[in-house]
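Chemist: Once you've had a glance at the structure underneath, I'll fire off some questions.
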Amino acid sequence: MEGTTSTTTISPSTSQRKKVTTLTFRQKNERGEPITMLTAYDYPTAMAIDKAGIDSILVGDSLGMVVLGYENTLPVTMEEMLHHARAVSRGAKSALLVGDMPFMSYQVSTEEAVRNAGRFLQQAGMDAVKLEGGRERADVVRAIVGTGIPVMGHLGLTPQSVHQLGGFRAQGKTASAAKRLLEDAHILEDAGAFSIVLESVPAQLAEYISKQISIPTIGIGAGAGCDGQVLVTHDLLGLFERFTPKFVKQYANFHTQMSKAFTEYLDDVETKRFPAVEHTVEMSAEEWEEFERLNVEALKREEDL
Ligand code: KIV
């Protein structure tokens, strides 16, 4: 092909696993098998997560912090969420794809919430949506589920309420707060949620709630007693330097690796070690000679004019 040095063939995976659905969540839960979930915001990450066999990908509004550099998740818009969700759905074909409803996309009215939930499925290839809150969101959850869109709840530390919570703090640590959380979990289940994220709540409480409700709980900072686990991929990979929550297990340190690679590149370019011959497009000696001949002829014609 003109203009390329090598051609890489991307072959489609021959052994693509079965599509994960909300039914798979229920079946895994019934069998006592942990459900796995990670966040993704782009095509290559979604591909890698899907290939690893992770059950579900959350296009979380955490993208506002770890990708877009906002202070918190509040500025994230529907358009930003849909843009990233589309990229993820192009990369992941088997995992259950959950689009996170951003702040103010479901709080104003039930109609708006249903319309925005629908956009995740219609315009971005998501399979389900997630939204934050308990009893105060029951009607919205019921209405979205009523249109046939699966809803994942989110209780405990709900980052969209960061100002109301007084910061990113663990929740459900008092008896009355724990009781309220348990009630909210029951309310979301009754409203038709297929699963609930429990974020930053005491492990004992998360395990208790998980046993009390029949839909699977997905924990983040909520201990091993949940029915599944989710992490923000940028935390797991060590890509987000600003802070790492206590509950994160870092499996890599990509930020350090990235910085090292960029410094090496800088050095290579400045010292002219890059690009080397192997990174360079070649031209045959005959074509070069012909090019020179044509060039000389053209120059001569210009001089004759
Ligand atoms: O936005 C997000 O990534 C989330 C997870 C932390 C569950 O809501």
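Chemist: Does segment 83-98 contain any residue that is within 25 Å of Ala191 (Cα to Cα), part of a loop (DSSP other than H, G, I, E, B), out of contact with any His (no Cβ under 8 Å at 6 or more places or on another chain) and not hydroxyl-bearing (Ser, Thr, Tyr)?
Modeler: Within segment 83-98, one or more residues are within 25 Å of Ala191 (Cα to Cα), part of a loop (DSSP other than H, G, I, E, B), out of contact with any His (no Cβ under 8 Å at 6 or more places or on another chain) and not hydroxyl-bearing (Ser, Thr, Tyr).
Chemist: Looking for whichever is over 29 Å from Ser94 (Cβ atoms), touching a strand residue (DSSP E or B) at 6+ places or on another chain (Cβ under 9 Å), modelled with pLDDT of 95 or more and not β-branched (Val, Ile, Thr) here; the options are Asp184, Asp190. Which one fits?
Modeler: Exactly one residue qualifies, and that residue is Asp184.
Chemist: Something else now. Of all residues in segment 24-50, how many are within 16 Å of the ligand (Cβ to nearest atom) and either in a strand (DSSP E or B) or of a type in the set (D, E, K, R) (or both)?
Modeler: Residues in segment 24-50 being within 16 Å of the ligand (Cβ to nearest atom) and either in a strand (DSSP E or B) or of a type in the set (D, E, K, R) (or both): 6 in total.
Chemist: So, in segment 219-273, exactly how many residues are of a type in the set (Ser, Thr, Tyr) and within 16 Å of the ligand (Cβ to nearest atom)?
Modeler: Selection size over segment 219-273: 2.
Chemist: Let me ask you something else. If I go through segment 97-123 residue by residue, how many of them are out of contact with any strand residue (DSSP E or B) (no Cβ under 6 Å at 6 or more places or on another chain) and open to solvent by less than 10 Å² (accessible area, probe 1.4 Å)?
Modeler: 4
Chemist: If you don't mind, another one. For segment 65-91: of the residues being within 11 Å of the chain's Cα centre (by Cα) and either closer than 13 Å to Ala128 by Cα or surrounded by 24 or more Cβ atoms within 10 Å (Cβ to Cβ) (or both), which is farthest from the ligand (Cβ to nearest atom)?
Modeler: By that ranking, first place goes to Ser89.
Chemist: Looking at Leu198, Leu181, Leu237, Leu205 in this structure, which one is without any contact (Cβ under 8 Å) to a residue 60 or more places away in the chain, touching a Phe, Trp or Tyr at 6+ places or on another chain (Cβ under 6 Å) and assigned by TED's automatic domain parsing to the domain that holds Ala52? Quick ask: steps written out before the conclusion?
Modeler: Values: Leu198 fails: touching a Phe, Trp or Tyr at 6+ places or on another chain (Cβ under 6 Å); Leu181 fails: touching a Phe, Trp or Tyr at 6+ places or on another chain (Cβ under 6 Å); Leu205 fails: touching a Phe, Trp or Tyr at 6+ places or on another chain (Cβ under 6 Å).
Checking each option against the conditions leaves just Leu237.
Chemist: To continue, here is another question. Has segment 211-225 got any residue that is part of a helix (DSSP H, G or I) and open to solvent by 40 Å² or more (accessible area, probe 1.4 Å)?
Modeler: Yes.
Chemist: Of all residues in segment 108-142, which are assigned to a helix (DSSP H, G or I), of a type in the set (A, V, I, L, M, F, W, C) and either more than 17 Å from Asp190 (Cβ to Cβ) or not assigned by TED's automatic domain parsing to the domain that holds Ser56 (or both)?
Modeler: Across segment 108-142, the qualifying residues are Ala113, Val114, Ala117, Phe120, Leu121, Ala124.
Chemist: While we're on this one: Quick one: would you say Glu112 is in contact with a Phe, Trp or Tyr (Cβ under 9 Å, 6 or more places away or on another chain) and more than 16 Å from the ligand (Cβ to nearest atom)?
Modeler: Numbers: in contact with a Phe, Trp or Tyr (Cβ under 9 Å, 6 or more places away or on another chain): yes; more than 16 Å from the ligand (Cβ to nearest atom): yes.
So Glu112 fits the description; yes.
Chemist: I'd like to verify a number: residues in segment 143-182 that are in contact with a Ser or Thr (Cβ under 9 Å, 6 or more places away or on another chain), among the hydrophobic types (A, V, I, L, M, F, W, C), part of a helix (DSSP H, G or I) and within 16 Å of the ligand (Cβ to nearest atom), how many?
Modeler: Number of matching residues: 2.
Chemist: Out of Gly134, Gly53, report the one residue that is in contact with a strand residue (DSSP E or B) (Cβ under 9 Å, 6 or more places away or on another chain) and more than 16 Å from the ligand (Cβ to nearest atom).
Modeler: Checking each option against the conditions leaves just Gly53.
The values are calculated or read from the model by the stated rules, or taken from the named source; none is laboratory data. Everything quoted here is computed from the prediction, not taken from an experiment. All Cβ positions, even for glycine, are placed from backbone atoms using ideal geometry, and neighbour counts span all protein chains on display. We work out accessible area using only protein heavy atoms, side chains counted, and drop any ligands, DNA or RNA first. Shrake-Rupley method; radii C 1.70, N 1.55, O 1.52, S 1.80 Å.
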